[in-house]
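Peer 1: Below is one structure. I have some questions about it.
Please treat every number below as a calculation from the coordinates, not as lab data. Keep in mind it's a predicted model, so treat the numbers as computed, not measured. When we count neighbours, we look across all protein chains shown, and the Cβ atoms used for this are built from the backbone with ideal geometry, even at glycine.
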Amino acid sequence: MTPDGGRGADRIGILDTGFRTALARLDRAGLLARVSRTVDPDLEVAGLMKRHDAGAALLFESVKDHEIPVVGNVFATPESSEAAMGLDRAQLRAALARGIHTDVEPVGAAAAPAQEQVWQKGSINLGEQFPVLKHAPGDGGRFVTAGVLIVRDPLTGVRNASFHRLQLLEPDRVAIKIDHGRHLGRALDHAQELGQDLPVAVCVGTDVALIYAASTMGALMPESRDELCAAGGCRGQGLPVVPGVSVDVDVPAETEIVIEGVIKAGEQAHEGPFGEFVGYASPAGPAPTVDVTAVTARHEPVYHAINGAGRETIVLRKHVLEVAALEAVRPVTPIVTDVCMPSGGLHRFHLVMALSKRSERDEGWGRNAAMAAFGALKDLNMIILTDDDIDIHDPVDVEYALATRFDAASDLLVMPGMRGHEYVRTSQAGVGTKAVLDASVPYAQRADFERISFEAPSEEGSELDAAYSGATVLSWLGGQHA
Ligand SMILES: Cc1cc2nc3c(=O)[nH]c(=O)nc-3n(C[C@H](O)[C@H](O)[C@H](O)COP(=O)(O)O)c2cc1C
């Protein structure tokens with residue numbers, strides 16, 4: 001079986017993963033809402049993004065003091081993520097799996113829309129040029145949050161792509177947040193060992209395959225992996241790139257805005273606080289700085305912004321972590337039919353696994369598979385096992401399984417002292433407890449758990465189906481609730 005659940009991989013072919021193509025697809029699918037009134041980049045835009053981040057992408061056409069529109073919540077729901085790529089869930093998983101496993105070298109682009117406008121050193125003022133948002137009242141300033149940073153490790157020559165927020169410090173100087181263990185941090189260490197600064201290109205509003213490569217971490221995208229090649233693997237053909245105008249770094253030719261610069265070896269500034277994906281603020285602290293050497297953009301670019309404590313940050317990892325979970329458990333047992341990283345667990349901390357037990361000999365395999373998933377995805381802290389008559393993509397159905405098929409005395413496995421994510425505040429610097437909630441029915445008792453099924457309506461598309469709108473129901477009720 002393929003990591004997408006057995007379908008889709010052979011159907012995806014070559015993908016157009018351009019950022020503008022993605023926005024156009026969302027628009028056609030009715031998943032791009034336009035905000036035409038003038039909005040303030042100081043807290044208002046991010047506040048609106050947060051309020052609506054379970055819905056459509058938002059295009060803020062008129063941003064106070066700026067010519068450039070802001071787009072947010074582009075990948076904030078699984079539906080938008082799939083529509084942006086023009087794929088269904090199985091196909092998107094297949095495309096991401098292809099990127100994880102296949103290298104396709106970038107290709108030199110004939111044209112470079114990303115460089116239609118160029119600002120050299122001396123004429124750069126990031127805060128004036130771009131509608132860089134202040135996201136939350138507790139944040140330490142204005143942050144570029146949707147930039148994919150491309151660097152070439154000076155020791156290994158491998159190109160790395162990753163998201164790192166940038167805090168505006170001066171017109172052409174920013175602080176950069178690099179968490180422990182990041183490959184960008186390793187490349188910076190290598191540059192420092194060689195006594196060099198590290199050239200970087202920050203791509204805002206860039207190729208979606210590259211966005212996914214940059215969101216992919218850990219064993220799925222090891223340090224040795226060239227992430228421009230991984231993006232090519234996901235697309236099914238090489239990513240068109242051009243060299244930066246001031247740094248020797250390849251950038252996707254169709255990027256909206258590129259901030260070029262060098263990460264300064266040994267120079268630090270005060271960064272943060274900033275509202276993080278877990279919903280709490282990360283504290284202020286010292287951070288490396290970037291000296292901006294040039295800025296390039298398309299004609300009439302759009303500025304992509306992502307709320308740190310918003311759904312887009314976490315949804316960007318959902319599909320790829322589901323691929324990782326499937327790849328970890330499938331070699332253990334074929335009884336896992338599907339997995340879901342649900343939104344309540346921030347698409348990262350909780351996993352629901354559907355099992356298909358065909359005989360008593362399948363008993364126990366679900367729990368073994370859970371151990372494999374914990375091993376592969378260290379941030380997981382809870383796994384729920386269900387039978388495959390439960391819709392694991394529907395949180396209500398999953399809770400129904402827990403309510404009717406789970407008994408804590410026999411179905412709860414508790415494993416303290418295990419490594420998880422250090423942002424989980426109930427842990428001790430990342431060491432905490434993992435749990436399996438086994439809501440799968442023992443094979444021998446399955447007859448007792450047969451769900452009630454109702455008679456199918458005799459006439460498909462009957463008058464009743466057609467009339468089943470809120471207004472009609474209210475009129476049947478006598479309109480008393482109107
Ligand atoms: C929207 C978004 C913003 C992120 N911001 C940061 C950040 O500011 N600092 C950081 O260290 N990681 C951040 N991350 C996480 C890394 O970019 C991500 O884990 C990446 O895979 C790490 O790259 P690497 O595997 O090349 O080290 C962010 C991820 C996303 C999706």
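Peer 1: In terms of Cα to Cα distance under 26 Å, which lysines are near enough to Lys264, apart from those fewer than 8 places away along the same chain?
Peer 2: Within the straight-line limit of under 26 Å, Lys264 reaches these lysines: Lys121, Lys134, Lys177.
Peer 1: Roughly speaking, what is the stretch gain from His393 to Lys64, that is 0.36 nm per residue apart minus the C-alpha to C-alpha distance, in nm to one decimal? List each step's numbers first, then the result.
Peer 2: Numbers: separation 329, 0.36 × 329 = 118.44 nm, distance 3.96 nm.
Going from the current span to full extension adds 114.5 nm.
Peer 1: Arranged by the count of other C-beta atoms within 10 angstrom, fewest first, what order do Thr77, Thr216 take?
Peer 2: Values: Thr77 20, Thr216 24.
Listed from fewest to most nearby Cβ atoms, that is Thr77, Thr216.
Peer 1: How would Glu300, Glu82 line up from fewest to most surrounding beta-carbon atoms within 10 angstrom? Spell out each step's value before the answer.
Peer 2: Values: Glu300 11, Glu82 21.
So the ranking, lowest neighbour count to highest, is Glu300, Glu82.
Peer 1: Taking neighbour Cβ counts within 10 Å as the exposure measure, how do Leu184, Leu194, Leu321, Leu169 sort from fewest upward?
Peer 2: Lowest count first: Leu194, Leu169, Leu184, Leu321.
Peer 1: While we're looking at this one, here's another question. Taking every DSSP beta bridge that has both residues in the chain, what percent is antiparallel when rounded to the nearest 5? Working shown, then result.
Peer 2: Values: 61 of 81 bridges.
If I count the DSSP bridges inside the chain, around 75 percent turn out antiparallel.
Peer 1: Still on this structure: Treating the Cα atoms of the chain as identical point scatterers in vacuum, please give the log10 of the normalised Debye intensity I(q)/I(0) at q = 0.05, 0.13 Å⁻¹, two decimals.
Peer 2: Log10 I(q)/I(0), no solvent term: -0.21, -1.25.
Peer 1: Between Glu116 and Thr156, 0.36 nm times their residue separation minus their Cα-Cα distance comes to what? Mind dumping the intermediate values first?
Peer 2: Details: separation 40, 0.36 × 40 = 14.40 nm, distance 3.17 nm.
Here the segment from Glu116 to Thr156 would lengthen by 11.2 nm.
Peer 1: For the chain, take the longest principal axis of its alpha carbons; what is the angle in degrees between that and the long axis of helix 89-101, to the nearest 10 within 0 to 90?
Peer 2: Taking the Cα atoms of the chain, the angle to 89-101 is about 50 degrees.
Peer 1: May I ask for the angle, rounded to the nearest 10°, between helix 311-329 and the longest principal axis of the chain, with both axes built from Cα atoms and the value confined to 0 to 90°?
Peer 2: 60 degrees
Peer 1: With r defined as the distance between the Cβ atoms of Glu223 and Ser453 and R0 fixed at 51 Å, what FRET efficiency is calculated, to the nearest 0.05?
Peer 2: Details: r = 51 Å, r/R0 = 1.01.
With R0 = 51 Å, the Cβ-Cβ based efficiency is 0.50.
Peer 1: If you don't mind, there's one more thing I want to ask. So what's the angle, to the nearest 10 degrees on a 0 to 90 scale, between helix 395-405 and the longest Cα principal axis of the chain?
Peer 2: Long axis of 395-405 versus the principal axis of the chain: about 40 degrees.
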